[in-house]
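> Before I ask anything, let me first share the structure, which is written out below as structure tokens.
Nothing in this text is a laboratory measurement; each read-out follows from the coordinates by a stated rule. Everything numeric here is computed off the predicted structure, so don't read it as measured data. Note that we place each Cβ from the backbone using ideal geometry, even for glycine, and neighbour counts take in every protein chain shown.
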């Protein structure tokens, strides 16, 4: 675990700085994956009729068939009402056969009670939580939540409380009609992953990827606590909600997989009265090791030297940290641009992207850091091209643009 500022120098006075906390898991020596407690929650509303439901069923079958008797699996379907098709039982040949038969019988019907499906899947897994197993809801939807809990912030809170109880949530948005902002928020708050399948035939590959990632899980219940030093405040975290505990900022992040690095980028307000040493923040990461179920912590701190020379700040930039920080800031710009585009302000969206690209180019030039310019420019250029193609924000091209750009922002942030 590492906590690093964009530069080891900060400006004298009242200024802003960015810090990135990276959590990297080692490669797992034991190649046998941990047991998986899985609830597959499938949208069977009327809009899923035809190929989308057929592909969702095929992908769900494929996922169930890859489990073994160490695992538990439940199958839930939801339309206007959630239905538990098979309970969370060990994936014995008999239970697998029952789950497959239940999936085969699924037909489209009703509205989209997404929260009902989520709660039903969660409640099936809660009794079987284990310190050495991974409990995961995989939620599939192609539309907007229009029954049960429908407010995006309330759905995110439901996901957050579910993750706090030891069950993480992965969301899969299918097609071009679902609310990508809500599905992303559920995945982030639920400490899982978010996938976008424009075409239903991509679902099988997505399920394969999710099972592979879950099988590589080495740490769950991961929490980052940042306690700023006197004179320093944590303003916000890019892409994450912050729970305030006094002056400490607490941030929950997704499960960490073998060989994977997760990052949290925060914006700080730093007040340095005079040149010299500055304590910035103490950072603690708490997590549960899946290998033995034990809780562990790791600690780091960030310090800097205050200077009145702007060039000194640039000369002491941490390039690795800067790359991650500027990716997160670019993701925030992509989200802002998408929000503007959704409101009908396409030119405003393009202006946000142009400004971000110009800012990064200036930073990269000042640091002679070509990789930064290339990496971030690609993201802003892709987004601008999507918005330019998606001239009708209410049509398919506009929906596609919004979903692709939000997915790009998700990937840059997490």
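> In terms of the ratio Rg/(2.2 N^0.38 Å) built on C-alpha atoms, what value belongs to the stretch 5-72? Mind showing how you got there, number by number?
Working: Rg = 23.2 Å, N = 68, 2.2 N^0.38 = 10.9 Å.
Output field value: 2.12.
> If you build a Gaussian network model of the chain, linking Cα atoms that sit under 10 Å apart, which residue out of 75, 232, 172 swings the most?
The residue with the greatest mean-square fluctuation here is 232.
> Here is a further query. Would you kindly calculate the translational diffusion coefficient of the stretch 36-215, applying Stokes-Einstein with the Kirkwood radius from alpha carbon pairs, for 37 °C and a viscosity of 0.692 mPa s, and quote it in µm² s⁻¹ without decimals?
On the way: Rh = 15.5 Å.
Translational diffusion coefficient: 211 µm²/s.
> Right, here's the next one. What does DSSP give for the chain in terms of the percent of beta bridges that are antiparallel, rounded to the nearest 5?
Numbers: 58 of 85 bridges.
Counting DSSP beta bridges with both partners in the chain, the antiparallel share is about 70 percent.
> Fewest Cβ neighbours within 10 Å first, please rank 180, 124 accordingly.
Details: 180 21, 124 26.
Ordered by Cβ neighbours within 10 Å, fewest first: 180, 124.
> While we're looking at this one, here's another question. Quick check of the Kirkwood formula: for the chain, what is the inverse mean of 1/r over all pairs of different Cα atoms, in Å?
Values: mean 1/r = 0.0445 Å⁻¹.
Final number for the Kirkwood radius of the chain is 22.5 Å.
> Taking a ≥ b ≥ c as the square roots of the eigenvalues of the Cα gyration tensor of the stretch 101-173, is the shape rounded (a/c under 1.5), prolate (a/b larger than b/c) or oblate?
On the way: a/c = 2.28, a/b = 1.26, b/c = 1.81.
Judged from the Cα gyration tensor, the stretch 101-173 comes out oblate (a/c at least 1.5, b/c at or above a/b).
> Next question, about the same structure. Could you work out the Kirkwood radius for the stretch 319-413, taking every pair of different alpha carbons, averaging 1/r and inverting it, reported in Å?
Roughly 13.1 Å, rounded to one decimal.
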